[in-house]
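Report on the structure given below.
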Amino acid sequence: MPDDWGPIRELRRRLPWIDPTADADRTSVVSTLVGADLLSLVALFFAWVATLLFVGREPNWAIVAMIAAFVFDKLDGSWARYRGTDSDLGRRIDSYVDVFVYLVTAALLFDLELSPHVGASVVVGFAILAIGGLRLVRHTVEGFTEIDQTKYYHGTTVVHTNAVVVANYLLVALTDVWNGWLAALTIVLACPLMISDYRAPKSTGAHRLVAVLGVLVVAVVLAIEFGWLPN
């Protein structure tokens, strides 16, 4: 079978200045993807669905999609450890996906449903994205801290910050005492904790608590959506 790309490859070989990396070692990203990486991409898919729903002003369904993204984001690490396929590339893919699963969705939720003023959106959104991004970069470089056989995150996680935004949404939706300005204040105060020296435990108990809270949040937002709770 003729090689359609043969002439281009030959040109690159004869004229290496066209592509100085032609003879360098490259990573074929697609061929190196494993099952855990595919789960990360499923998480990214649900994060994109959540983004579209937020933009379409369907915050309750968006939160459901966002929590589905969270589930697949947590499954990828567990599957990688189970299969013994944990890798630096996988951790980088996971951090890349986390930007969309937790940070972009949190910024959109605040801007479209909670923000009392465009200035608040600018400040809060930038704090979430900038500080959250730095937190992910630091975690990619440093990893976990281990003390007495318990692993700890360095600083709070992007999941915690996302949860703060969701909690503010529920407070505004279900009470008359909370508002967008208070939401902005609590979120801005929570963001620096992501790059602090606080140690957040990574334990089975913490994961179970997060799972229970996730189910409760889904139940509450669906109750709001279907009119079973005041909104």
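Residues that are touching a residue at least 12 places away in the same chain (Cβ under 8 Å) and within 30 Å of Trp228 (Cα to Cα) number at least 2 in the following helices (runs of 4 or more DSSP H) confined to segment 27-123: 35-55, 59-83, 105-109.
Among the residues here, Tyr153 qualifies as modelled with pLDDT under 95, more than 13 Å from the chain's Cα centre (by Cα), closer than 24 Å to Val71 by Cα and not polar (S, T, N, Q). Report every pair of residues separated by at least 6 positions or lying on different chains whose Cβ atoms are under 9 Å apart, first residue within segment 198-218 and at negative phi, second among the charged types (D, E, K, R). Pairs that qualify, where the first residue is at negative phi and the partner is among the charged types (D, E, K, R), are Pro201/Lys151; Lys202/Lys151; Ser203/Lys151; His207/Lys74; Val210/Lys74; Ala211/Lys74. Among the residues of segment 61-84, which ones are at negative phi and either out of contact with any Phe, Trp or Tyr (no Cβ under 9 Å at 6 or more places or on another chain) or exposed (fewer than 14 other Cβ atoms within 10 Å of the Cβ) (or both)? Passing the criteria: Trp61, Val64, Lys74, Leu75, Asp76, Gly77, Ser78, Trp79, Ala80, Arg81, Tyr82, Arg83.
Residue-level analysis places Leu114 outside the set of residues that are more than 18 Å from Tyr102 (Cβ to Cβ) and surrounded by 13 or more Cβ atoms within 10 Å (Cβ to Cβ). Evaluated against (1) free of Cβ contacts under 8 Å to residues at least 12 places away in the same chain; (2) under 19 Å from Phe126 (Cα atoms); (3) of a type in the set (Phe, Trp, Tyr), Tyr169 falls short on exactly one condition, (1).
The set of residues from segment 132-189 being surrounded by 13 or more Cβ atoms within 10 Å (Cβ to Cβ), of a type in the set (D, E, K, R) and part of a helix (DSSP H, G or I) comprises Arg135, Arg138. Quick check, is His154 farther than 26 Å from Leu52 by Cα and either in contact (Cβ under 8 Å) with a residue 12 or more places away in the chain or touching a strand residue (DSSP E or B) at 6+ places or on another chain (Cβ under 7 Å) (or both)? Against the criterion (farther than 26 Å from Leu52 by Cα and either in contact (Cβ under 8 Å) with a residue 12 or more places away in the chain or touching a strand residue (DSSP E or B) at 6+ places or on another chain (Cβ under 7 Å) (or both)), His154 qualifies. Of all the residues in segment 51-90, those that are within 13 Å of the chain's Cα centre (by Cα) and among the basic types (Lys, Arg) number 1.
The values are calculated or read from the model by the stated rules, or taken from the named source; none is laboratory data. Keep in mind the model is a prediction, meaning the values are calculated, not measured. Neighbour counts run over all protein chains shown; Cβ positions are idealised from the backbone, glycine included.
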